[in-house]
Amino acid sequence: MKNVILAGNATTAQILGSYLVHDKRYKITGLTVDDEFLQSGGIDGLDSLAFSTLLKTRPPEEFSVIMAMGYNDINRSRESMFNRLKKAGYRIESYIHPDAKVYTGHALGEGCVVLPSAVIEPHVRVGANSMVWANATLAHHCTVAENCWVASGATISGNATVKRNCFVGVNATVVNDVTVDEYCIIGAGALITRNTKPSSVHLARSGEEHRFPSQDYVKFTGF
């Protein structure tokens, strides 16, 4: 059993903590965040440790880290913590939930998190410090670079590429052979069929109110 620290103390840490207490591979020994966030979250029964004092109480020779932060600032906050922990000498664990299905022969990047019912098909590449949430699908030969967040139900299709520090929202789809450039935000339910520009935002508009009322809509569409 590995002694681990969760990097984070908010929603993502609470969810990962709930999974980890049932996983005999790991024992959570505390949480760590930057000093200014020490009082803003937490998990009952676990110590919250300021990053500035972490080396004194949880030395890297005895403890490793699982990244349990959200996607603030297009994953830049997560990236910053990851890099500082590495510089301090900590091993960043890649956490793969036992119910995830990982078939790629390529090693996942350091510090990845893959949650239940996610599917990572053969020949997929995943970069360091990326999150693959529950029920997401990374299809054959696709690439998800470092510091990315692929939300629940999202699909990255075959041979597609998602570059660094992207956010792909719930039930979004990136189709075959398409490249999502770095620092993009792909909103929930969005369908990406063409290459994107760096730092662009793509939101699904299907939830907007239709110009016809429902009674007229069914007349024209046969719904």
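The values are calculated or read from the model by the stated rules, or taken from the named source; none is laboratory data. What you are looking at is a predicted structure, and each value in this text was computed from that prediction instead of being measured. For neighbour counting, all protein chains shown are included, and Cβ atoms are generated from backbone atoms with ideal geometry for every residue, glycine included.
Structure data summary
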{"item": "Residues of segment 170-198 satisfying the condition of being more than 18 Å from the chain's Cα centre (by Cα) and not hydrophobic (A, V, I, L, M, F, W, C)", "result": "Asn176, Asp177, Thr179, Thr193, Arg194, Asn195, Thr196, Lys197, Pro198"}
{"item": "Contacts under 6 angstrom Cβ, first residue in segment 61-79 being under 19 Å from Val132 (Cβ atoms), partner among the basic types (Lys, Arg) and buried (at least 20 other Cβ atoms within 10 Å of the Cβ), 6 or more apart", "result": "Met69/Arg78"}
{"item": "Residues that are farther than 14 Å from Ser130 by Cβ and assigned to a strand (DSSP E or B), drawn from segment 141-169", "result": "Thr155"}
{"item": "Segment 109-125, residues that are assigned to a strand (DSSP E or B) and either farther than 20 Å from Asn72 by Cα or touching a residue at least 40 places away in the same chain (Cβ under 8 Å) (or both)", "result": "Val113, Val119, Ile120, Arg125"}
{"item": "Test: Ala50 is closer than 21 Å to Asn165 by Cα and of a type in the set (A, V, I, L, M)", "result": "no"}
{"item": "Some residue of segment 12-23 being in the same structural domain as Ala136 (by TED's automatic domain parsing), closer than 23 Å to Val124 by Cβ and among the polar types (S, T, N, Q)", "result": "no"}
{"item": "Tabulated pairs, segment 89-108, first in the same structural domain as Leu54 (by TED's automatic domain parsing) and closer than 16 Å to Met131 by Cβ, second at pLDDT below 95 and of a type in the set (Val, Ile, Thr), C-beta under 9 angstrom, 6+ apart or interchain", "result": "none"}
{"item": "Listing of helices (runs of 4 or more DSSP H) fully contained in segment 1-88 that carry 3 or more residues being of a type in the set (A, V, I, L, M, F, W, C)", "result": "11-20, 72-87"}
{"item": "Filtered residues of segment 109-125 (kept if surrounded by fewer than 22 Cβ atoms within 10 Å (Cβ to Cβ) and either out of contact with any Gly (no Cβ under 6 Å at 6 or more places or on another chain) or over 20 Å from Val162 (Cα atoms) (or both))", "result": "Glu110, Leu115, Pro116, Ser117, Val119, Glu121, Pro122, His123, Arg125"}
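A quick yes/no check of all residues on (1) in a strand (DSSP E or B); (2) within 17 Å of His141 (Cβ to Cβ); (3) modelled with pLDDT under 95; (4) among the polar types (S, T, N, Q):
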residue: Asn171; (1), (2), (3), (4): no, no, no, yes
residue: Tyr183; (1), (2), (3), (4): no, no, no, no
residue: Arg194; (1), (2), (3), (4): no, no, no, no
residue: Ser206; (1), (2), (3), (4): no, no, yes, yes
residue: Glu209; (1), (2), (3), (4): no, no, yes, no
residue: Phe212; (1), (2), (3), (4): no, no, yes, no
residue: Tyr217; (1), (2), (3), (4): no, no, yes, no
